[in-house]
Structure formats: C-alpha cells, structure tokens
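Report on the following structure.
The values are calculated or read from the model by the stated rules, or taken from the named source; none is laboratory data. Not measured: the values here are computed from a predicted model. Every residue, glycine as well, gets a Cβ built from its backbone with ideal geometry; the counts of neighbours run over all protein chains shown.
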Amino acid sequence: MKDTSAFRKFIKAYQKSEVIFEENAPGSEMYVIHSGKVKLATRKMGREVTLATLGTGEFFGEMALVDSSPRTATAIAAADNTRLITLDQDKFLYLVGQQPAFALTIMHELCRRIRERWILYDTLLQEQTEQIKKPTKRKPK
C-alpha cells in the first residue's frame, strides 16, 4: 500500500508475542497486515501447531466475519511494531458488495487455506497412526 493516510485510523500496532485474538473467541474484525508478521496457531492433540506465519499484505480473521463463528486459531504478533489494518463486519460487507475483486481474493485465500489444513490434518493423522502401530517393547518375565 502506497498511501495509507486514509487507513491510519484503522491501524493498530502490536509488539512481538502480543496476542491479537484467541482461538474460540468471538470475532468482529478481520485484519490486513500493513507491516510486520503474524503467527496463526492452534492447539491440537495437546500441542501447539503453527498454521501459518503471515506477512505484509496478507490478511486473517475473515472467517469470523463470513460465518459469525468463533475464531479457529490464535493470532500472535511475530514481530515488534506489527501494524494491522482492522476491518469490522460493516466495512467487510461493504467491500465484498462493492469490490468483486476483494470478494474473489477472500474466496481464493479461503480455498487455499482449506486445502492446506487438509494436508496438515492428513499429516497429523498419519503421525498418530504411526504412533499407534509402533510395537511396544515388552519386559521379559
């Protein structure tokens, strides 16, 4: 983004390790990364799984605005002075309705993320299956 003066009032800054939102929390905003990095993570099978690390120009949090469901991941600033442009649901719906390219960008990214999650799911399932199949060492009697 070249001229960000129109967006200044919508920009929030976060420091490294600061939580932007928590998994399972309700969501009322989506975010576009103006500068910095954001890590998206979830807790599955007792461990933290990093879903993605996003950078400048990428967005996240849109799912909560599309279906009003709780957040599916925790978002954490991964760099100091990470600056995010926030869009509430009214702004999001306006952009989707008035800018078809914006709507297609959101849909394209959602499809890409769903495909990535299926790959991650298959990998985790494979690891779990391999753990179950490993022979256990028996103690001699």
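Can you give me the number of residues within the range 96-116 that are under 21 Å from G55 (Cβ atoms) and surrounded by 17 or more Cβ atoms within 10 Å (Cβ to Cβ)?
Residues flagged as under 21 Å from G55 (Cβ atoms) and surrounded by 17 or more Cβ atoms within 10 Å (Cβ to Cβ) within the range 96-116 amount to 2.
Quick one: would you say S69 is modelled with pLDDT under 95 and closer than 18 Å to R117 by Cβ?
Here the answer is yes, as S69 does meet what is asked.
Only one residue in A101, A77 is without any contact (Cβ under 8 Å) to a residue 40 or more places away in the chain and among the small types (G, A, S), so which one is that?
Just one listed residue meets the conditions, A101.
What residue, among those in the range 14-44 that are hydroxyl-bearing (S, T, Y) and within 30 Å of Q128 (Cα to Cα), is surrounded by the fewest Cβ atoms within 10 Å (Cβ to Cβ)?
If we take residues in the range 14-44 being hydroxyl-bearing (S, T, Y) and within 30 Å of Q128 (Cα to Cα), then S17 is surrounded by the fewest Cβ atoms within 10 Å (Cβ to Cβ).
Out of curiosity, is E130 surrounded by 11 or more Cβ atoms within 10 Å (Cβ to Cβ), part of a helix (DSSP H, G or I) and of a type in the set (D, E, K, R)?
no
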